[in-house]
1. Residues that are among the hydroxyl-bearing types (Ser, Thr, Tyr) and closer than 18 Å to residue 70 by Cβ: does the stretch 124-134 have at least one?
2. Give me the residue from the stretch 98-118 that is more than 12 Å from residue 51 (Cα to Cα), part of a loop (DSSP other than H, G, I, E, B) and out of contact with any Phe, Trp or Tyr (no Cβ under 8 Å at 6 or more places or on another chain) and, out of that set, most open to solvent (accessible area, probe 1.4 Å).
3. Would you confirm, using the coordinates I've provided, whether residue 108 is of a type in the set (Val, Ile, Thr) and modelled with pLDDT of 95 or more?
4. Filter the strands (runs of 3 or more DSSP E) completely within the stretch 134-240 down to those with at least 3 residues that are open to solvent by less than 30 Å² (accessible area, probe 1.4 Å) and either aromatic (Phe, Trp, Tyr) or in contact (Cβ under 8 Å) with a residue 60 or more places away in the chain (or both).
5. Criterion first (at pLDDT 95 or above and of a type in the set (Phe, Trp, Tyr)) does residue 138 satisfy it?
6. Among the residues of the stretch 50-77, which ones are among the aliphatic types (A, V, I, L, M) and exposed (fewer than 14 other Cβ atoms within 10 Å of the Cβ)?
7. From the list 36, 65, pick out the single residue that is at pLDDT 60 or above and in contact with a Ser or Thr (Cβ under 9 Å, 6 or more places away or on another chain).
8. Here are the criteria: (1) open to solvent by 20 Å² or more (accessible area, probe 1.4 Å); (2) not in a loop (DSSP other than H, G, I, E, B). Tell me which single one residue 124 does not satisfy.
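The values are calculated or read from the model by the stated rules, or taken from the named source; none is laboratory data. Everything numeric in this text was worked out from a predicted model, so none of it was measured. Neighbour counts are summed over all protein chains in view; Cβ atoms, including those assigned to glycine, are modelled from backbone coordinates with ideal geometry. Protein only, heavy atoms only, side chains kept; ligands, DNA and RNA dropped before computing areas. Shrake-Rupley method; radii C 1.70, N 1.55, O 1.52, S 1.80 Å.
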Amino acid sequence: IHSTIRGIETPLYELMLRNTKSYQGSLLFLIVLQALTVARVHARLFSIPLMGNIDSDFSEAEYKLQLEGAFLEGLMGKSWSIETHQGWAAAMQRYRHAMANTRSPHLVGFNVHGRIADYRFMRYALASCLMDDGYFSYTDQERNYSSVVWFDEFDVKLGAAVSRPPAAEWKEGVWRRDFAHGVALVNPTDHPVTVALEPGLRRITGKQDPAANDGQPAVSVTLAAKDGLILKRLKLTPTD
């Protein structure tokens, strides 16, 4: 087994012995790396995508375009989340880098942690995820990974995106992305924003938060600070 460092191919066992304090530690590290190498070869032979739980933007040469997927654990909602201590823009930058620095099909998981009844936070996080092409994951902070939560928005068929991931806000600090059967809006600012909409959109009909999802036509909407909204088109295409 070899590893390439700065263009120089070096036997891994030599690297282990140079960089660990004991033979046992070197041997354990070598076993782990051998397992990872076998996993990579197996994945290539059988076309199995590999995903990593990443804590960087994956832009380093040894990581870039090496995996088919990335799990962005706790991108929002935790005390150590990027969104918590660096803000929404930094969290979205990490998300976009994960999309750009993974291989096709770019299986990027957008994971957040929150209370199951915090519907505003869920909408904010879901709409943020919909600004690119990742997969949304909501973890109940009381039960961690031992349960699966469900929200009204998960039953909405938005269809395929008809616009690329936005590179700038739509209006008044609100970001927007259009889909075949609806629209996703997110307000990452620290104040409420009211925006006018074109005819033909309505709120979804939901039971969990009927004040936000009352099924009514949406001529304009007011999004609270750090809130999101999923809207449906009034006329659906025959493929819906």
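1. Residues of the stretch 124-134 that are among the hydroxyl-bearing types (Ser, Thr, Tyr), as a first pass: 124, 128.
After this cut, where a residue has to be closer than 18 Å to residue 70 by Cβ as well, the list is 128.
Looking for residues that are among the hydroxyl-bearing types (Ser, Thr, Tyr) and closer than 18 Å to residue 70 by Cβ, one finds at least one in the stretch 124-134, hence yes.
2. 116
3. Numbers: of a type in the set (Val, Ile, Thr): yes; modelled with pLDDT of 95 or more: yes.
Here the answer is yes, as residue 108 does meet what is asked.
4. Working: elements: 135-140, 175-179, 182-187, 193-196, 201-203, 220-223, 227-233.
In the stretch 134-240, 227-233 are the strands (runs of 3 or more DSSP E) which contain 3 or more residues that are open to solvent by less than 30 Å² (accessible area, probe 1.4 Å) and either aromatic (Phe, Trp, Tyr) or in contact (Cβ under 8 Å) with a residue 60 or more places away in the chain (or both).
5. Numbers: at pLDDT 95 or above: yes; of a type in the set (Phe, Trp, Tyr): yes.
The answer is yes for residue 138.
6. Within the stretch 50-77, the subset among the aliphatic types (A, V, I, L, M) is 50-51, 54, 61, 65, 67, 70, 72, 75-76.
Listed by number, the residues that qualify are 61, 65.
7. On the way: 36 fails: in contact with a Ser or Thr (Cβ under 9 Å, 6 or more places away or on another chain).
Just one listed residue meets the conditions, 65.
8. (1)
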